[in-house]
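Coordinate-derived values only; no laboratory data. The structure presented is a predicted model; accordingly, all values stated were derived computationally and were not measured. Note: ideal-geometry Cβ built from the backbone for every residue, glycine included; neighbour counts use all protein chains shown.
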Amino acid sequence: MKVVKFGGSSLASGEQLKKVLQIVVSDPDRKIVVVSAPGKRYSDDIKVTDLLIECAKKHLNNDHAEPVFAAIIERYACIAKELSISLDIIEKISNDLKDILNGDKSKPESYLDAVKASGEDNNAKLIAAYFQHHGVEAHYVNPKDAGLLVSDEPGNAQVLPESYDNLYKLRERSGIIVFPGFFGYTKSGEVLTFSRSGSDITGSILANGIKADLYENFTDVDAVYSVNPTIVKNPKEIKELTYREMRELSYAGFSVFHDEALIPAFRAGIPVNVKNTNNPSAPGTRIVNERTNSNGPVIGIASDKGFCSIYVSKYLMNREIGFGRKLLQILEDFGLTYEHTPSGIDDVTVILRQDQMDEEMEKAIQDRIMTELHADEVIIEHNLTLIMVVGEGMRHNVGTTARASKALANAGVNIEMINQGSSEVSMMFGVKELQEKRAVQALYNEFFVAVPV
Ligand SMILES: Nc1ncnc2c1ncn2[C@@H]1O[C@H](COP(=O)(O)OP(=O)(O)O)[C@@H](O)[C@H]1O
Ligand SMILES: N[C@@H](CC(=O)OP(=O)(O)O)C(=O)O
């Protein structure tokens, strides 16, 4: 039994849905089909989820939401017309969305989630109707009926462990199950979503729940590439990588697969296969427990913008008991999460996503570190890119860090900081955002082009 997830790009038009149907019926093991909301048809297009967010915000602010509401319904109507299915379903989708938009606004974050979730929910109903129209026994299943329970964290929900036993029962249902991705229900019955791109997470949870043999994740590229294809042209495809490598890479910028989507499949030992809806015969990328093929020390290079660093120095910091704890406590008091903490004898740097703080908060943090921790210096630097060089092979290869730093130096890239992950499968370089492309290209040349691997 397989769980198959189709991303928004695979469901953006009627043309795409025809490919989806072919893929599903071509393999009788494809039992559960997890779907996103319609995504982009072309690069400047707007995803239905983004239209829904705009619509919900307009409702919350009592702004004129009619044009964006019409644009959402038009997306579904275009698909239904292209597929020649009855437009009754569009009427139902329109009424459903109106009801949600006119729903309880007392908790704006939960309201926003309910509106967002309707994107996948209505798409799943539309897709089930399309499959049925072609004589396929397909049933829409709602996450509440299936028992997909989540924590009470709007926009960032986590699956509750009891969901897995509930979902196991889906195995007994007849026909193909069309299941909306991206959301679940709290114990009190509220609809809450995972973080953005979270339909990947739903697929993984279902794969674990029904103890699938394989979780296939269909997207719009032939494989996970060794580097983001929007940064480096025609990069090398990765045939196989481990869960750990993929988690590092997706967390650090490989948006092709959600970083939180690995854990449920990993825990149940279910391999993940990333494949292309537009070229389903291509083998894609397999994510497995242990990989057999060797690829040199590095398997992938990911990068992500939008970080800042808080550099703190104090003479004899190394002798002061509790300094690190007190520093991190200050950040905790402001509700901040951090990514890395490279440190020296008399200094420590905390790296975090800069969009968590505004100028006022930064100033307050700086003041508290100076006055409460008696630091000598506190410097906050903005607009950093973190580049993650990842590969299980790094544990056995000497000199990978030296090769990487030399490649960056030769390309004229100034390294702001280096951090070697304790897991030894990753190494992080902080560079200025303006140097991101140059740095990634230089590392790619070093590990994938210049030297045969
Ligand atoms: N290393 C990578 N390998 C493949 N694709 C990547 C990588 N890094 C970023 N991407 C981007 O991820 C996109 C697919 O993810 P996404 O747009 O979320 O797809 P979907 O609509 O199927 O959910 C690709 O089109 C590509 O631009
Ligand atoms: N539609 C949601 C969830 C999702 O997973 O979408 P996609 O498969 O298009 O990344 C989002 O845009 O966040």
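The table for this structure:
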item	result
Rg/Rg_globular for the chain, with Rg_globular taken as 2.2 N^0.38 Å and Rg from C-alpha atoms	1.05
Relative exposure of Asp121, Asp358, judged by other C-beta atoms within 10 Å (fewest first)	Asp358, Asp121
GluC sites (Glu not before Pro) restricted to DSSP loop in the stretch 112-171 with at most 12 other C-beta within 10 Å	Glu137, Glu162
Gain in span if fully extended, Arg171 to Met370, counting 0.36 nm per residue against the direct Cα distance	65.8 nm
Residues in the stretch 92-132 that a label on Asp152 would reach, taking backbone N under 19 Å of a point 7 Å out along Cα→Cβ	104-114
The stretch 261-336: GluC sites (Glu not before Pro) falling in loop per DSSP and having at most 10 other Cβ within 10 Å	Glu290
Trypsin sites (Lys or Arg not before Pro) within the stretch 220-308: DSSP coil, no more than 13 neighbouring Cβ in 10 Å	Lys233
Bridge type composition, the chain - antiparallel percent by DSSP, nearest 5	60 percent
Scaled radius of gyration (Cα, divided by 2.2 N^0.38 Å) that the stretch 300-450 gives	1.12
Centroid-to-centroid separation of the stretch 337-376 and the stretch 396-453 [C-alpha atoms, Å]	26 Å
Per-residue Cβ neighbour rank within 10 angstrom, fewest leading, Phe334, Phe179	Phe334, Phe179
Calculated FRET value between Ser106 and His382, using beta carbons and R₀ = 45 Å, to 0.05	0.80
